[in-house]
1. How many residues does the range 533-554 contain that are more than 25 Å from Glu467 (Cα to Cα), in a helix (DSSP H, G or I) and in contact with a strand residue (DSSP E or B) (Cβ under 9 Å, 6 or more places away or on another chain)?
2. Write out, first by first residue and then by second, each pair whose Cβ atoms fall under 6 Å of each other, whose residues are 6+ apart or on separate chains, and whose first residue, in the range 368-384, is within 15 Å of Ile394 (Cβ to Cβ) while the second is polar (S, T, N, Q) and outside any loop (DSSP other than H, G, I, E, B).
3. Taking the range 32-54 only, how many residues are open to solvent by less than 50 Å² (accessible area, probe 1.4 Å), closer than 17 Å to Ser113 by Cβ and among the small types (Gly, Ala, Ser)?
4. Strands (runs of 3 or more DSSP E) wholly in the range 462-526 with at least 3 residues that are farther than 28 Å from Leu338 by Cβ and open to solvent by less than 80 Å² (accessible area, probe 1.4 Å) - which ones?
5. For Leu434, work out the one condition from (1) open to solvent by 10 Å² or more (accessible area, probe 1.4 Å); (2) closer than 17 Å to Glu398 by Cβ; (3) among the aliphatic types (A, V, I, L, M) it doesn't fulfil.
6. Quick one: count up the residues across the range 396-441 that are of a type in the set (Asp, Glu), more than 22 Å from Ser518 (Cα to Cα) and free of Cβ contacts under 8 Å to residues at least 24 places away in the same chain.
7. Is the range 220-234 home to any residue that is under 25 Å from Tyr500 (Cβ atoms), among the polar types (S, T, N, Q) and either touching a strand residue (DSSP E or B) at 6+ places or on another chain (Cβ under 9 Å) or not in a loop (DSSP other than H, G, I, E, B) (or both)?
8. Could you identify the single residue in Ala107, Ala115, Ala131 that is in contact (Cβ under 8 Å) with a residue 60 or more places away in the chain, buried (at least 18 other Cβ atoms within 10 Å of the Cβ), under 24 Å from Val45 (Cβ atoms) and of a type in the set (Gly, Ala, Ser)?
Amino acid sequence: MQSTAPYAVVKTILRSTGLFSDEAAERIIQGRAGNPGMTLAEAAVRFGGGVREDEFLRKAGAFLGLEYVELSSARPSPEALARLPASTVYQCNALPLKIEGGVLTVASSDPFSSAAEDALRLAAGCPVRIALATREEIDKALKKHYGVGAAVVEKMIEDGRYAVDDDLSSISKIDVGEMGEEASIVKFVNQIIAEADRQGATDIHVEPMETELRIRYRIDGMLHKVDVPPQLNRLKSAIISRIKVMANLDIAEKRLPMDGRIGIRIGGEDIDIRVSTMPTAWGESISLRLLAKAGNFVKMCDLGFNERDFAVVDKIIRRPNGIFLVTGPTGSGKSTSLYSFLHEVNTMDVRILTAEDPIEYQMEGINQVQMNADIGMTFARALRAFLRQDPDKIMVGEIRDRETAEIAINASLTGHMVFSTLHTNDAAGAFPRLTDMGVEPFLIASAVAGVMGQRLARRLCPKCRKEVPLDRKYYTLSYPPARETVFEPDGCEACSRTGYKGRRALFEVLEVDEDVESAIVRRENATQIRQLALGKGMKTLREDGWDKIFKGVTSVKEVMRVTEDE
């Protein structure tokens with residue numbers, strides 16, 4: 001709502017802060033006048049020459065006699081939160097904090113809007129006292145205390161247009177045509193997806209429980225529960241059906257798992273969402289995987305290799321023939337690494353073909369092929385066809401069976417460089433895994449040029465990490481500590497109080513030379529091949545993790561968590 005303070009009052013407030021010259025104050029006033037709905041604080045930030053919103057509000061609050069509140073540490077009372085409906089607090093961008101002496105204290109970023117204050121007073125049915133907080137902090141607090149999409153959920157229940165009982169048969173009673181045109185249910189689902197994208201989530205899980213509809217985001221590999229309105233459970237049928245409609249799935253079929261896709265645009269960026277449904281005891285559980293269609297490539301130099309590993313990998317990916325395997329569990333960043341390698345060798349004189357399931361990122365200049373088992377388009381069939389397409393480099397999403405492995409090896413032996421992934425715990429485990437598939441050891445030794453194992457560890461938030469002494473028990477390690485102090489997570493607003501922001505890969509790179517080839521042909525086990533590689537300079541995942549610990553990239557606890565199998 002637009003501020004309604006007169007010109008003279010506004011100019012006096014701007015001068016009182018001591019933050020602006022007369023010219024800057026005039027620029028703020030004029031800029032605000034040309035942008036209806038902009039608060040004075042927003043205008044001060046946009047036109048004031050680098051002033052922060054919290055800085056302006058503190059100074060202006062001191063002049064006006066209004067308290068500035070740190071919402072990150074504030075604990076609004078349940079009575080205050082219950083006094084105002086979600087629709088009002090979201091409309092006015094105000095958070096109720098406490099009730100004292102019959103007066104409701106409300107945090108706002110705009111103390112000059114009489115219309116907003118009147119709306120708050122009418123909705124609360126009591127006098128209102130304004131405290132100050134930044135708009136961003138209020139937005140975060142509203143989502144935390146009222147839940148994402150609370151105003152929309154409130155409106156849907158008030159309208160009574162959706163089934164609000166727990167009978168699962170009500171799903172089939174929803175008018176799909178009507179639901180597609182109804183703003184409320186569409187808006188709520190869009191808000192859940194947009195919020196997931198804003199927080200950098202890779203997955204959204206919508207899970208019906210007995211007494212709630214639980215929504216969780218996977219952020220940096222860890223699941224976090226989303227704050228949603230408690231009455232959301234009454235609308236779970238409509239929400240689940242809306243997602244299925246978006247993915248072109250049959251909403252009447254609730255007994256079988258189904259897969260679909262949603263294509264949306266958020267902030268000018270195209271997002272491809274893979275949708276999977278699963279019937280459970282309390283309704284259909286839905287998982288959504290968010291994939292940016294283009295542009296999010298990590299350059300090879302930014303993956304986090306040490307000098308030795310970077311040199312080895314760079315040499316292998318530029319070879320004219322051979323196989324380079326990336327190993328690790330699901331969600332360990334294998335696809336990201338493969339795309340960075342392809343990006344590195346993607347030049348005009350190199351023809352690259354990829355077989356993927358699914359195509360996660362679209363890369364310019366590369367021929368990407370989507371697998372479709374329903375019509376017989378498998379990795380093995382694609383690989384055979386690729387060999388008739390005159391490729392230089394081939395990427396196969398995953399080697400899952402003997403047929404695919406043998407064709408990949410034959411492709412490498414006939415002058416092609418093949419990149420692929422394999423599910424093993426470490427780099428050395430790739431060779432026994434291929435042998436178990438039925439591939440002859442001498443073929444493996446001749447074809448495989450190198451294997452890279454990797455894991456993803458969460459990165460410490462650079463704004464709040466804290467330095468602590470290294471626990472003495474780690475001084476007994478075979479690789480002595482490089483320093484006596486390390487960093488640990490603390491938690492701040494920038495990292496949503498987790499202490500971590502983003503992830504960094506840990507690597508172990510095994511180069512196949514004559515000695516390793518001989519060990520493979522002799523059918524030596526993974527431990528023996530691993531020891532041989534370590535003697536030639538390979539660093540294990542945990543050793544690479546320690547290097548990143550001492551550089552302040554991640555924490556001891558996080559490295560131990562992701563390298564437990566060592």
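The values are calculated or read from the model by the stated rules, or taken from the named source; none is laboratory data. Keep in mind it's a predicted model, so treat the numbers as computed, not measured. Counting neighbours? That spans all protein chains shown, and the Cβs are built from the backbone with ideal geometry, glycine included. Keep in mind that these areas ignore ligands, DNA and RNA; they rest on the heavy atoms of the full protein, side chains included. Shrake-Rupley method; radii C 1.70, N 1.55, O 1.52, S 1.80 Å.
1. Counting residues in the range 533-554 that are more than 25 Å from Glu467 (Cα to Cα), in a helix (DSSP H, G or I) and in contact with a strand residue (DSSP E or B) (Cβ under 9 Å, 6 or more places away or on another chain) gives 1.
2. Gln368/Thr354; Phe379/Thr404; Ala380/Thr404
3. Counting residues in the range 32-54 that are open to solvent by less than 50 Å² (accessible area, probe 1.4 Å), closer than 17 Å to Ser113 by Cβ and among the small types (Gly, Ala, Ser) gives 4.
4. Those strands (runs of 3 or more DSSP E) span 485-488.
5. Only one criterion is unmet by Leu434, namely (1).
6. Of the residues in that region, 1 qualify.
7. No, the range 220-234 contains no residue that is under 25 Å from Tyr500 (Cβ atoms), among the polar types (S, T, N, Q) and either touching a strand residue (DSSP E or B) at 6+ places or on another chain (Cβ under 9 Å) or not in a loop (DSSP other than H, G, I, E, B) (or both).
8. Exactly one of Ala107, Ala115, Ala131 is in contact (Cβ under 8 Å) with a residue 60 or more places away in the chain, buried (at least 18 other Cβ atoms within 10 Å of the Cβ), under 24 Å from Val45 (Cβ atoms) and of a type in the set (Gly, Ala, Ser), namely Ala131.
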